[in-house]
Each structure stands twice: as C-alpha cells, then as structure tokens.
Amino acid sequence: MSKKLGASYWKLWTATAISNLGDGVSMVAYPWLASAVTRSPILIAAAGFASRLPWLVFTLHAGVLTDRFDRRKLIVAMDFMRGLLTVFVGAVVYFNRDSFPALDELTTITNLQTNWPIYVTLLIDAFLFGLAEVLRDNSAQTLMPSVVEKENLETANGRMWSAESLTNSFIGPPLGSLLIGIAIFIPFFFDAASFFFAVALIASLKGTFKPVADDKPREKINFKAEIKEGFIWLWAHPLLRPMAIILGSMNGIGTMVGAVYILFAQEVLHTSVFTFAILGTAGAVGGTIGGILAPKVSAKFGSGPSLSLALAAAPLGALVIGVTSSWQVVWVVTVVESFVAILWNTITVSLRQSIIPTHLLGRVNSVYRFFAWGSIPIGMFVGGGLVSALTHVLTRENALRAPYLIGMALGLLLWALAAPRLSTAKIEAARKTG
C-alpha cells in the first residue's frame, strides 16, 4: 500500500507526525500553565474559547483563501506563524518562570490570584494561533486529494490519523510531562521546533497544489460571493448538510463537557502532571487503533451503523466519567471515545474529499467546518459559565461533575434524532452521485 500512497504522502505523513508530537508535548504544558495562572473555571474556559473562536469567525474566509492559493504554501506559512507564536509563549514563560506555583501543588489550590498580564498574553496568543490553525487545517484537508488517488483516501486518512494519535496523544504527553518537570518553558520551545521541522518537509513536496490552473484568469477575491457559492452547494446536499449540523451538535456538547477538564482532572481525579500525561495517552491508543481498523469496521458493519456507534459512545462515556473518581476509568473511556471519533472522521472526511468538486473543496469544506467546529467556542463558554454558576449552589466537585451528566442527556437526545439520518444507503448514494 505504501507504493500506492507515494513519496509525497509519506513526507506529508512525517510532517504531520512531527508537528503533532510537538502538539502532544504542549497538550500537557498549556493546560497546566493556564491552571498555574488562574483557578477560575470561566477564565480557564475563556482561554479555550479564544483558541477556538477563529473556527466561528474565520473558517468561511479561510475556505475562500484555500480555493484561491497554493495549498502547500498556505500550510507552510501558517505552520511557520504557529512556530513563531509558540516561541513567543515560551519566552514569556521563561522570563516569568519564578512567578508560578509548583505544578504538583495545583491539585489543592483553588483560590490562586489570577496573573492578569500573563493570562491576557495567553488569551491573545491563543486567538492568533487559532486563526493560523483554521487556515492550515482547512488547507491540509483539501491537500490530500492532490497527494493520493481517490480510492486510497480512506487508507491515507486512516494512517494519517493513526500517526497523529500516536505522536500527539501517546508519545507527546509523557514527553511533555518529563520536559515540564525539568522546566515549565521547555515544552513550548520543543513545540516550536516541531513546527519549523514540519515547514521544511511540507515545503519540499513536489506537485501541483493550486486549486485552479495558472492559465485561468484570476478575478479579485469577493469573499461574500465565494462563501455563498460554497454555502449553497453544501446546503443543497441532502447528506452533508445534516452531517455538518450533527457534528456541530456533537462538538458543542463535547466541549461544554470538557471546558474545564484540567480542573476536573486536578481536583476530582487528583492527577499529577505525569498522571495527566498518562491520561493523554488514551487518545493515542484509541486513535491509533481507530486509524488502522476504521476502514475495516466501516466495511464490515456499514458506514451508517459505524456513525451511529460514534454518536452513542459520547454520552455513555460522559455518564461514566461524570460519576467516577478514578483516572484509570477515565483512561479506558477515553480510549473508546477516541476510537469511535477516528471512525467518524475516517468515514466523513473521506466522503467529503471524494464528492466535493475540486474547485469548491476549500469553500465547501470550510462551510462544513463552520457548522461542525463553530459550536466549539460556544460550548466552551457555556461549560465554563455553567461550572462557575453551579459553584454557588453545589460543592466545587459536584459543579465540575455536572457538565458530564448534562452532556450525557443531551448526547442521548442527539443520538435518537440523528442516527436515522446517517444510513449506509444514504452514504453510498452520495458517493455514487459525487
């Protein structure tokens, strides 16, 4: 299969694996840094809100840019920008390293005074980083059909997500806990180096990655008209439209539940930095298995039942996490949830890549992600506000548990409404007409 995927794919695969290793390291560093700057649930959620807000306000414009410019160059530019922003965070942390409490003391600290200068800096950096991430990720998803043949998309995406899971969630978090144990600023410089390495690899890809031929006249960008074209195409599609709305609902509920996960892990599960990193490996185990087995599971049971399974797993997992105090139980649940998340992505992303016309892929993909990801900052804001409000009527521990139980109820309602709309017959019909 590696011969079919080709050298360009494996360069892209390696770049993705390396940059995700850096992300896995920072996956431990950022939450613990935020929790060392403030203990307020609403402020913790606001930091996540800032990083995800670009998915709501910039995604549609990013789709237009993706369909206008060389997608490889966009990825290179955005990864370089993310590297610079991460260097800046590392420098800020380095010069303020003596102002933070000891990280392993955070499981017992609830009234830490917010360090506003550093918090505001993190907020601004998170928003700028998110802007670059939106354009980079949209370009990366539209790049894949230029790298591999259509019949290899599910395999290529599955292997890519296995690599992401392995480095982002399995190798990265333990390495991050080791580095942050040495010094709190080191993980950020490591993450920045991974971005710059990925830039060099992506820049070396050979081939054509422009959405239109060079000999075609290029009109001035009309964002409103071009976004409208992508929106109309998606909204008229009988399967992708409900699929985008369903995923948006899933993501909104999921981020409401996990908005203050770092506080839940510290105060309810009583995790140390290292234990928190071990929790992060669950995503890798489930994601790696999912990346390898997802195409086989989809083929054996059908796309429809596979998506229904993914819809049902989230609320059931939220219920279990909401009532447990064992990080080991949370680890097992996260493995299962990560597996079905990759199963969902493998089916739906490959479907979009195969049926959306090339010249519209960036815009339609961005409109899809506007619905699917635009709910994330909203969910974070609601989750943080919910916990903050409930601390006035419940104990802090019960307030931190409450979003999981509410998420369970909402998730089961979504499953009951959405599962019938995602049948194998409808998915296969969409593939044939695409």
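Just name the residue that is farthest from residue 267 (Cα to Cα) out of those in the range 364-397 that are open to solvent by 40 Å² or more (accessible area, probe 1.4 Å) and among the polar types (S, T, N, Q).
Among those residues, the one meeting the criterion is 391.
Taking the criterion of being under 28 Å from residue 114 (Cβ atoms) and not in a helix (DSSP H, G or I), would at least one residue in the range 70-89 satisfy it?
Within the range 70-89 (the criterion being under 28 Å from residue 114 (Cβ atoms) and not in a helix (DSSP H, G or I)), the answer is no, since none of the residues qualifies.
Of the residues that make up the range 56-72, is at least one basic (Lys, Arg) and open to solvent by 30 Å² or more (accessible area, probe 1.4 Å)?
yes
State all residues of the range 1-51 that are outside any helix (DSSP H, G or I) and either open to solvent by 10 Å² or more (accessible area, probe 1.4 Å) or of a type in the set (D, E, K, R) (or both); if no residue qualifies, say none.
Across the range 1-51, the qualifying residues are 1, 39, 40.
Among the residues of the range 417-434, count how many are assigned to a helix (DSSP H, G or I), under 25 Å from the mean Cα position of the chain (by Cα) and not charged (D, E, K, R).
4
Mind listing whichever residues of the range 95-119 are more than 19 Å from residue 262 (Cα to Cα) and open to solvent by less than 80 Å² (accessible area, probe 1.4 Å)?
Once the filter is applied, which keeps residues that are more than 19 Å from residue 262 (Cα to Cα) and open to solvent by less than 80 Å² (accessible area, probe 1.4 Å), the range 95-119 yields 96, 99.
Name the helices (runs of 4 or more DSSP H) wholly inside the range 232-327 in which the number of residues that are under 21 Å from the mean Cα position of the chain (by Cα) and small (Gly, Ala, Ser) is 3 or more.
Answer list for the range 232-327: 240-258, 273-301, 303-323.
For (1) under 21 Å from residue 41 (Cβ atoms); (2) touching a residue at least 24 places away in the same chain (Cβ under 8 Å); (3) in contact with a Phe, Trp or Tyr (Cβ under 7 Å, 6 or more places away or on another chain), each residue gets a yes or a no:
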site: 364; (1), (2), (3): no, yes, yes
site: 407; (1), (2), (3): yes, yes, no
site: 423; (1), (2), (3): no, yes, no
site: 426; (1), (2), (3): no, yes, no
site: 433; (1), (2), (3): no, yes, no
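Hey, could you check the range 351-371 for residues that are in contact with a Ser or Thr (Cβ under 9 Å, 6 or more places away or on another chain) and among the polar types (S, T, N, Q) and say which is farthest from residue 261 (Cα to Cα)?
358
Residues to consider are 400, 361, 414; find the one that is surrounded by fewer than 22 Cβ atoms within 10 Å (Cβ to Cβ) and among the aliphatic types (A, V, I, L, M).
From the options 400, 361, 414, the qualifying one is 414.
The values are calculated or read from the model by the stated rules, or taken from the named source; none is laboratory data. Here the structure is a predicted model, which means the values were calculated and not measured. Every residue, glycine among them, receives a Cβ derived from its backbone with ideal geometry; neighbour counts consider all protein chains shown. Keep in mind that these areas ignore ligands, DNA and RNA; they rest on the heavy atoms of the full protein, side chains included. Shrake-Rupley method; radii C 1.70, N 1.55, O 1.52, S 1.80 Å.
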